[in-house]
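Novice: My questions will all concern the structure given below.
Each value in this text was obtained by applying a stated rule to the coordinates, not by laboratory testing. Quantities reported herein were computed from a predicted structural model and do not represent experimental measurements. Cβ placement follows ideal geometry from the backbone for every residue including glycine, while neighbour counts extend to all protein chains displayed.
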Amino acid sequence: MRTKSHHVYRYLLRLMLLVPMGIYAQTPTDEELKALELQIEQQEAAQMDAKRRAAEEAQREAEEQKLRDERARLEEERRKLSEEKEAAHKQAEAEKKRLYDQYINEAEKSMTAMDFELADKNYRKALEIFHNDAQALAGLEHIQELNNRCSSIIGEWGWDGTTQTMTFEPGGIVVHRAALNTVIKQNWECADPKNYRFIMKGGGGSIDYYLSEDGNHLKGPDPWGNISPAKRKSKQ
């Protein structure tokens, strides 16, 4: 390692080369040498400090650039993740809408075919996708209304001037009680609840009956084959 005296010696040589010889004819004193040595030390310290600051500044800039690059990378990842989530959400919503439309369409077809059980099932599937959907709720309410119409015929019916009765029972059975306690059983079904039309089946044929909207009169053939409305005698 070079000593301070070595630096002083080199510095004096440079001065001797640059300055006329006559100026240094006199030998420098110890005080002058110490002052010169101190000056050299200060210059070297300043140079080293400048290099240190430059290195620190370069390192700081490199670290800041690294942070900027990392922030940019994270931001890009967040952007891509957000786009992927948005695309997945849109795809899921589109699939939900497709299924919803499918269930609603199937329910409407079932309503036209008067398959209320299947229509009810599809409306409920639609509600599982979109809760409180107005169309599905309205469809279920309409089914309930039609089912109520179908069940409104249940009960005992009779005609003025005769003791003969028809009793429509749940499950599609009609019990005729005629003269001399004769009992005949037939089948009935709700054929068109929108128009309050019912069908009675038996003996190889079928007969249409129409229920009044107030639910108290049943228009159809009486025991003598005449079209005469029966009156409700009781409900079940």
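Novice: Using the count of nearby Cβ atoms within 10 Å as a rough guide to exposure, how do LYS231, LYS125 rank from fewest to most?
Specialist: Ordered from fewest to most neighbouring Cβ atoms within 10 Å, LYS231, LYS125 come out as LYS231, LYS125.
Novice: In debye, nearest 20, what is the charge dipole magnitude of the stretch 155-235 about its Cα centre with +1 on Lys and Arg Cβ and -1 on Asp and Glu Cβ, if you could check?
Specialist: 120 debye
Novice: Considering the values [x] 164, 28, 26; [y] 66, 48, 32; [z] 54, 42, 35, which represents Cα extents along the principal axes in Å as calculated for the structure under consideration?
Specialist: The listed entry that was calculated here is [x].
Novice: Tell me which lysines have Cα within less than 24 Å of LYS51's Cα, excluding those fewer than 8 residues away on the same chain?
Specialist: Once the sequence-local lysines are set aside, what remains near LYS51 is LYS4, LYS66.
Novice: Continuing with this model, one more query. If you rank VAL183, VAL175 by fewest surrounding Cβ atoms within 10 Å, what's the result?
Specialist: Least crowded to most crowded, the residues run VAL183, VAL175.
Novice: So how do THR162, THR29, THR167 line up by other beta-carbon neighbours within 10 Å, fewest first?
Specialist: THR29, THR162, THR167
Novice: Which value at 222 nm does the chain reach when only helices count, each DSSP H run of 4 or more adding -39,500 (n - 2.57), with the total divided by all residues and rounded to the nearest 500 deg cm²/dmol?
Specialist: -20000 deg cm²/dmol
Novice: Filter LYS90/LYS194; LYS194/LYS233; LYS125/LYS233 down to the pairs with a C-alpha to C-alpha distance above 29 Å, please.
Specialist: Checking Cα-Cα distances, LYS90/LYS194; LYS125/LYS233 exceed 29 Å.
Novice: Sticking with the crude label model, points 7 Å out along Cα→Cβ, report the distance from GLU117 to ARG68 in nm, one decimal please.
Specialist: Each label point is offset 7 Å from its Cα along the Cβ direction, giving 7.3 nm.
Novice: Mind jotting down a quarter of the surface of the convex hull over the alpha carbons of the stretch 87-149, in square nanometres, one decimal?
Specialist: For the Cα atoms of the stretch 87-149, the hull's average projected area reads 3.9 nm².
Novice: Hey, with R₀ at 22 Å, roughly what FRET efficiency would ILE184 and THR163 work out to, going by the Cβ-Cβ distance, to 0.05?
Specialist: The pair ILE184/THR163 has a calculated efficiency of 0.90.
Novice: Okay, moving on. So how far, in whole Å, is the C-alpha centre of the stretch 152-216 from the one of the stretch 92-134?
Specialist: 34 Å
Novice: What is the spin-label model distance, in nm, from GLU95 to SER151 if the labels are put 7 Å beyond Cα along the C-beta direction?
Specialist: Result for the modelled spin labels: 3.8 nm.
Novice: Let me ask something else. Mind checking the full-extension length gain between ALA35 and GLU77? Use 0.36 nm per residue of separation minus the Cα-Cα distance, one decimal, nm.
Specialist: In short, 8.9 nm is gained.
Novice: Considering the dipole of the chain built from charges on the beta carbon (Lys and Arg +1, Asp and Glu -1) around the Cα centre, which of GLY139, ALA45, ASN226 is farthest to its positive end?
Specialist: Going by the charge dipole, the pick is ASN226.
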